[in-house]
Each structure stands twice: as C-alpha cells, then as structure tokens.
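Structure record follows, encoded as structure tokens.
Values in this text are rule-based calculations from the coordinates and carry no lab data. These numbers were taken from a predicted model, which means no experiment stands behind them. Counting neighbours? That spans all protein chains shown, and the Cβs are built from the backbone with ideal geometry, glycine included.
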Amino acid sequence: MNNEVWARHANPLSGWSRVSILPLFAIAVWSRDWIGWWALAPVAIVLLWTWLNPRLFSAPASIDNWMSKGVLGEHIWLSRSKDSALSHHAPVIRLLTISTFAGAILLFYGLAVLNLPLTMTGLAVSMLTKLWIQDRMVWVYSEVGDGKGLALLE
C-alpha cells in the first residue's frame, strides 16, 4: 500500500471493519457445505473486500483513537522493524505472529474438514492474537510517531 492508502486505512472505520474479514472468510468457505461451488462467489467478495477496505475510507479527521494509532504503528513497524529503538518489540511481535499463524492453521484445517470446534478455535486464536499485535502497534506508534499523526506518511 502506498502512503495515501495507509492514511485512508488509518480511518478507524477501515481498521474496525477489517476485523470482520476472518469471520466473513470462514463463513464464505463454510458455505460450500450449503451452496457447493457457488461458495466461490462469497469467497471472492470477501477477498475483494480485503483489498478494497483500506482504499474506501477517507483519511481520518483525527487519529486520537486506538485503531488509528495501531494502523500507523503497523506502518512504522513494517518500515522500521530493524530499527534498534524498536528492537524490544520484536520478540513479542514474533511470538504473536507465530500464534496468529498457528490459529490460522487451525482455522484453515477446520474449514477444510468442516469441523466447527477447530474452525472456531482457530478463528478465536487468530483474531485475538491479531488484536494483541494491533495493541503492540499502538505502543510502537506511541514511542515513534506520537504527535506526528498522518504526517508520518508524507
């Protein structure tokens, strides 16, 4: 994403509505049990939503909220994760990323075999650890970007 898209994605409506992606994806994939190959249509819609979401919203009037700071922190982390000033975040972010990935494996396996407990466990682990990562990104933002706001993207 370019800086303009990151600025739009910093809109809390974008960030919070993106939280819907994994549950919607799980339902779309699960729908193959009900509608067969037609399930490709809701899967395609969810994938399109994933791409469109950070582009649909305008840049926020204010970033004085948890989600906007988390999105800006993510931008900082992706561009400066090797920065020694941020190195103390790396072990926690690495562990949370591995946990998110483990949850995603459970989720996808549960979806593959249509096992509801595995699917729901994977979904819960993936979403909770992703939100925990988001909280860590707020911390990254508060250390590096606080007071700079969307100017970070210029």
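Each of Phe57, Phe101 was scored by other Cβ atoms within 10 Å of its Cβ. Arranged with the fewest first, they read Phe101, Phe57. Among the trypsin sites (Lys or Arg not before Pro) in segment 21-129, those placed in a DSSP loop whose Cβ has at most 10 other Cβ atoms within 10 Å are Lys82. Please report, to two decimal places, log10 I(q)/I(0) for the chain at q = 0.09, 0.14, 0.15 Å⁻¹ as given by the Debye formula with identical point scatterers on the Cα atoms and no solvent. The calculated log intensity ratios at q = 0.09, 0.14, 0.15 Å⁻¹ are -0.33, -0.75, -0.84. Among the chymotrypsin sites (Phe, Trp or Tyr not before Pro) within segment 103-135, not one is in coil by DSSP while having at most 13 neighbouring Cβ atoms inside 10 Å. Put a plus charge on the Cβ of each Lys and Arg, a minus charge on the Cβ of each Asp and Glu, and nothing anywhere else: the dipole of segment 34-131 about its Cα centre is then about 140 debye. Gain on full extension, evaluated as 0.36 nm per residue between Trp30 and Val43 minus their Cα-Cα distance, stands at 3.7 nm.
Each of His88, His9 was scored by other Cβ atoms within 10 Å of its Cβ. Listed from fewest to most, they are His88, His9. Taking all Cα pairs closer than 8 Å and separated by 6 or more residues, the relative contact order of segment 3-153 comes to 30 percent.
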